[in-house]
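For reference, the structure is listed below as structure tokens.
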There are 2 protein chains.
Amino acid sequence: MSKGIISKDEDYSQWFNDLVIKADLAEYSPVRGCMIIKPYGYSIWEKIQAVLDKMFKETGHSNAYFPLFIPKSFFSKEASHVDGFAKECAVVTHYRLKNDGNGNIIVDEDAKLEEELIVRPTSETIIWHTYKGWIQSYRDLPLLINQWANVVRWEMRTRLFLRTTEFLWQEGHTAHATQQEAIAEAELMLDVYADFVENWMAVPVVKGRKTPNERFAGALDTYCIEALMQDGKALQAGTSHFLGQNFAKAFDVKFSDKENKLDYVWATSWGVSTRLMGALIMSHSDDAGLVLPPMLAPIQVVVVPIYKHDEELENISAYVKGLTTELRKKNITIKFDNRDTQRPGFKFAEYELKGVPLRVAIGSRDMQNATVELARRDTRTKETVAQEGLAEHIEKLLEEIQQNIFKKASTFTTENTVEVDTYDEFKRLLDEKPGFLSAHWDGTPETEQQIKDETKATIRCIPLNNKLEAGKCILTGKPSTQRVLFARAY
Amino acid sequence: MSKGIISKDEDYSQWFNDLVIKADLAEYSPVRGCMIIKPYGYSIWEKIQAVLDKMFKETGHSNAYFPLFIPKSFFSKEASHVDGFAKECAVVTHYRLKNDGNGNIIVDEDAKLEEELIVRPTSETIIWHTYKGWIQSYRDLPLLINQWANVVRWEMRTRLFLRTTEFLWQEGHTAHATQQEAIAEAELMLDVYADFVENWMAVPVVKGRKTPNERFAGALDTYCIEALMQDGKALQAGTSHFLGQNFAKAFDVKFSDKENKLDYVWATSWGVSTRLMGALIMSHSDDAGLVLPPMLAPIQVVVVPIYKHDEELENISAYVKGLTTELRKKNITIKFDNRDTQRPGFKFAEYELKGVPLRVAIGSRDMQNATVELARRDTRTKETVAQEGLAEHIEKLLEEIQQNIFKKASTFTTENTVEVDTYDEFKRLLDEKPGFLSAHWDGTPETEQQIKDETKATIRCIPLNNKLEAGKCILTGKPSTQRVLFARAY
């Protein structure tokens with residue numbers, strides 16, 4: 001253990017927790033299962049938000065804001081939806097506190113709500129209630145709306161970023177005139193998510209569909225992207241749902257088409273959350289700390305001066321000033337850490353812990369030789385390079401690091417995605433070399449449930465790019481036409 | 001009444017409500033007092049957020065996120081704080097629903113929380129509980145943090161944007177080593193707010209201090225900016241609080257200084273909310289709809305083509321394409337509304353309603369003459385101008401409109417700020433020509449309360465730029481050393 005972080009080979013779960021705490025990303029709050037996102041962690045989330053928000057707007061979506069609270073009766077209007085969420089809802093029952101006369105603050109029983117309010121676990125119900133007022137004609141469609149918000153799901157077991165009672169997310173809610181258009185929207189947003197997670201977060205994903213068992217409560221089809229973490233467990237990084245006409249029917253949302261014929265509207269919803277932070281951290285980091293892809297790193301380059309005398313620092317500072325100007329023109333974020341309260345070694349360790357992609361160290365000898373020392377966080381390698389052309393070199397290196405991180409994660413995912421044909425082999429691999437297990441399944445929810453009960457592995461998805469292939473179910477031996485992707489998951 | 005909006009001279013309150021609804025800014029939700037911010041309204045809020053967020057970061061602040069829920073016991077730790085907020089708190093008491101066996105979804109009484117949770121009305125308590133873990137030494141100070149969040153205050157009378165049960169806001173929470181530094185921070189953030197409200201929203205404000213009666217619950221001093229709406233009522237547009245050591249003492253947050261001496265930390269908090277949207281709408285708009293200052297308008301220029309034949313439209317489109325490129329280079333937002341489903345007159349009215357600062361209309365004759373028709377939303381005037389140099393002309397005009405809107409509001413505020421020396425005159429003006437009434441007050445909470453009870457006017461602030469002036473309290477005739485600003489307020 002270094003820096004208070006246990007080795008990931010020793011205890012992956014504890015390593016993740018240590019890392020989140022030590023790198024100042026988040027911590028638990030005194031409210032059960034709720035987290036505090038610290039400034040450094042939040043600055044990464046802000047970058048994620050900014051990029052996704054731009055992508056949503058470029059695909060025609062607008063942001064809006066709907067209430068935090070949902071009347072209990074609304075929540076129950078779509079039967080499978082309430083079944084899916086009722087067990088994990090925070091309920092507001094009163095709207096006032098009072099002094100009990102003995103100096104204690106208690107809930108005022110005279111201020112009991114007539115109808116209890118649910119703190120939104122997701123907003124389909126309140127949004128579809130609203131859409132009824134917004135949609136009358138085909139001219140009002142498609143309605144393409146997104147919301148950035150906090151939601152609450154009362155989880156029994158929580159983990160920072162991965163599963164918290166309150167979390168931050170975005171939820172898209174769209175309405176369409178036709179089934180085809182709604183399905184196309186759900187698929188488009190899955191592509192947007194995959195693009196973001198692969199090309200910004202540098203995390204490779206498998207795009208697929210959920211089995212009926214694993215669908216969102218109220219959806220006809222749930223698309224998902226699944227990523228493999230370094231411990232061989234899968235993580236669902238984003239979902240996009242085709243909701244059919246379920247919510248339109250529950251909230252009576254009809255539109256008149258060009259021929260003046262009335263029909264229910266077709267719907268989608270899609271979301272990603274602060275869980276992405278968990279995927280980002282777990283995919284790339286190591287025992288020395290966080291490894292961030294340059295495209296999401298709040299600080300891309302840090303410069304640490306090495307000096308004894310003030311005139312040396314002045315000399316170095318003058319050089320760094322010029323470098324900073326050049327890098328800023330290239331939209332590269334640079335930090336010059338000239339604190340005199342900490343030694344260079346301390347700073348090196350700190351920026352390694354925080355995952356800064358490139359570190360530049362400059363001492364007096366470097367200034368004489370017109371060189372700097374460049375250290376890469378991803379490979380933990382150093383090189384001495386010329387000051388001349390450094391900005392261009394850094395720009396290229398950042399691109400290379402982004403690609404290298406993705407390549408490394410892709411190789412890991414490929415190496416840990418294995419075709420399995422027997423249940424014994426399936427169980428052996430789950431214990432000895434966990435990863436994505438591509439196996440035949442007879443298509444029944446019973447078999448899926450039995451495998452889950454016996455092995456804790458679930459069907460992560462039926463990959464979209466699946467080839468048809470005749471085979472036999474690993475559990476029942478019944479015929480199957482395609483492989484599905486199993487894994488133990490977060 | 002036009003466009004379904006009542007005249008503001010007839011019923012200002014109803015005019016505001018009509019305008020918010022008709023301009024697609026917001027609407028009430030089925031949850032009592034909670035609003036839905038519609039895409040157009042939210043796009044203005046996003047601009048407000050973006051500018052303020054940049055200003056906060058430029059003054060050294062970082063964003064973070066703290067839980068939505070606060071344990072009831074925390075909330076009661078600062079005595080005046082709980083007194084100020086207990087009467088308007090949404091309380092979470094349960095964490096699960098269930099089916100009662102007859103198909104009804106009810107609250108599961110087996111899932112009652114041991115300690116009730118308060119939905120945050122403001123976050124001082126949970127944040128100061130957290131700061132205890134973050135602050136040990138002077139090296140950890142100042143701690144400069146901001147949060148963008150939703151908060152809930154159970155209001156009995158609500159109005160869209162101005163007073164809603166749930167609202168969106170930002171809350172800054174800072175910790176400092178000395179009293180002077182904390183006061184300087186509170187004053188700095190007041191200046192940031194005033195700068196934003198005057199120079200972006202084009203709403204003139206008076207900077208001042210609240211009287212003890214009107215202070216934030218838990219503050220030693222509350223600074224505020226007050227603006228005058230077109231009906232002569234005041235609106236508090238932002239507040240910045242010097243909290244002294246109250247919260248540090250309540251949550252035991254001490255730091256060791258350079259001499260290793262322990263002391264409690266000094267605090268500030270400051271916030272603005274979606275209430276700013278109300279101030280923006282009420283300050284500038286007229287009976288034809290919204291008037292937006294160019295610097296916050298989601299669409300700054302709209303182009304409406306006037307044509308009969310498709311080749312005319314092609315011709316106009318080609319020209320608009322070039323204009324768009326030029327304006328985008330100047331960071332001016334332009335929309336080309338070439339919908340063939342609506343007539344030009346309909347579009348003119350729609351963009352007027354939505355407050356787009358500049359409208360460009362182009363017909364075939366304009367194309368022949370190499371001119372366009374330009375219409376300003378603020379003055380409702382039109383002019384025919386040459387296509388040559390149009391982008392530069394638009395750029396200048398937008399600046400002129402921004403200044404003109406501010407000047408108009410400033411003139412209104414100046415004309416409706418009156419020095420009053422007798423209580424009779426004070427009461428007469430409140431009824432006949434309401435505005436800011438600058439009057440002497442004897443400095444006692446009793447007098448302040450009596451004036452409020454009798455006239456509904458409150459002391460909005462003691463202006464920061466006040467001159468000392470001997471006088472007599474308008475109510476009691478007792479001596480006073482300075483005038484304070486009274487008004488009826490939102």
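From the list B:His173, B:His241, the one residue that fits, being buried (at least 19 other Cβ atoms within 10 Å of the Cβ), away from chain A (no Cβ under 14 Å) and part of a strand (DSSP E or B), is B:His241. Could you tell me whether B:Ala409 is outside the structural domain of B:Val356 (by TED's automatic domain parsing), more than 15 Å from B:Ala489 (Cβ to Cβ), touching a residue at least 12 places away in the same chain (Cβ under 8 Å) and not hydroxyl-bearing (Ser, Thr, Tyr)? Yes; evaluated as a whole, the condition is true for this residue. With farther than 30 Å from A:Ala186 by Cβ, under 27 Å from the mean Cα position of the chain (by Cα) and modelled with pLDDT of 95 or more as the only criterion, which of A:Thr411, A:Thr422 stands out? So the residue among A:Thr411, A:Thr422 that is farther than 30 Å from A:Ala186 by Cβ, under 27 Å from the mean Cα position of the chain (by Cα) and modelled with pLDDT of 95 or more is A:Thr411. Taken as a whole, the structure places A:Lys467 among residues that are at pLDDT below 95 and surrounded by fewer than 13 Cβ atoms within 10 Å (Cβ to Cβ). Name every residue in region B:191-219 that is on the phi > 0 side of the Ramachandran plot and outside any loop (DSSP other than H, G, I, E, B), in order of residue number. None - no residue of region B:191-219 is on the phi > 0 side of the Ramachandran plot and outside any loop (DSSP other than H, G, I, E, B), so the list stays empty. From the list A:Glu388, A:Glu399, A:Glu392, A:Glu446, the lone residue that is part of a helix (DSSP H, G or I), modelled with pLDDT of 95 or more and more than 27 Å from A:Pro293 (Cβ to Cβ) is A:Glu446.
In region B:287-309 there is at least one residue matching the filter, namely being in contact (Cβ under 8 Å) with a residue 60 or more places away in the chain, out of contact with any helix residue (DSSP H, G or I) (no Cβ under 6 Å at 6 or more places or on another chain), closer than 19 Å to B:Asp378 by Cβ and not hydrophobic (A, V, I, L, M, F, W, C).
This table checks each residue for (1) among the acidic types (Asp, Glu); (2) crowded, with 23+ Cβ neighbours inside 10 Å; (3) over 30 Å from B:Asp140 (Cα atoms).
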| position | (1), (2), (3) |
| --- | --- |
| B:Ala202 | no, yes, yes |
| B:Glu214 | yes, no, yes |
| B:Tyr223 | no, yes, no |
| B:Leu228 | no, yes, yes |
| B:Asp231 | yes, no, yes |
| B:Gln236 | no, no, yes |
| B:Asp252 | yes, no, no |
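Within the span defined as region A:468-478, every residue fails to be within 29 Å of the chain's Cα centre (by Cα) and of a type outside the set (D, E, K, R). From the list A:Ser43, A:Ser62, A:Ser73, the lone residue that is touching a residue at least 40 places away in the same chain (Cβ under 8 Å) and surrounded by fewer than 17 Cβ atoms within 10 Å (Cβ to Cβ) is A:Ser73.
Here A:Trp169 fits the description: of a type outside the set (Ser, Thr, Tyr), touching a Gly at 6+ places or on another chain (Cβ under 6 Å) and closer than 27 Å to A:Ile44 by Cβ. Residues in region B:412-428 that are part of a helix (DSSP H, G or I) and over 19 Å from B:Gly477 (Cβ atoms): 4 in all. All of B:Leu97, B:Leu25 fail the test of being among the aliphatic types (A, V, I, L, M), under 28 Å from B:Pro121 (Cβ atoms) and under 23 Å from the mean Cα position of the chain (by Cα), apart from B:Leu25. Residues satisfying the criterion are present in region B:234-244 (criterion: within 15 Å of the chain's Cα centre (by Cα), at pLDDT 95 or above and closer than 27 Å to B:Gly4 by Cβ). Within region A:348-398, the only residue that satisfies the criterion of being surrounded by fewer than 21 Cβ atoms within 10 Å (Cβ to Cβ) and among the aromatic types (Phe, Trp, Tyr) is A:Phe348. Candidates in region B:321-347 are the residues that are among the acidic types (Asp, Glu) and either touching a residue at least 24 places away in the same chain (Cβ under 8 Å) or crowded, with 18+ Cβ neighbours inside 10 Å (or both); of these, the one that is nearest to B:Pro305 (Cα to Cα) is B:Asp337.
Search region A:34-53 for residues being part of a helix (DSSP H, G or I) and over 15 Å from the mean Cα position of the chain (by Cα), and hand back the single one that is nearest to the other protein chains (Cβ to nearest Cβ). The qualifying residue nearest to the other protein chains (Cβ to nearest Cβ) is A:Pro39.
The values are calculated or read from the model by the stated rules, or taken from the named source; none is laboratory data. Since the model is a prediction, treat every value here as computed from it, not as a measurement. Here Cβ is always computed from backbone atoms with ideal geometry, including for glycine, and neighbour counts include all displayed protein chains.
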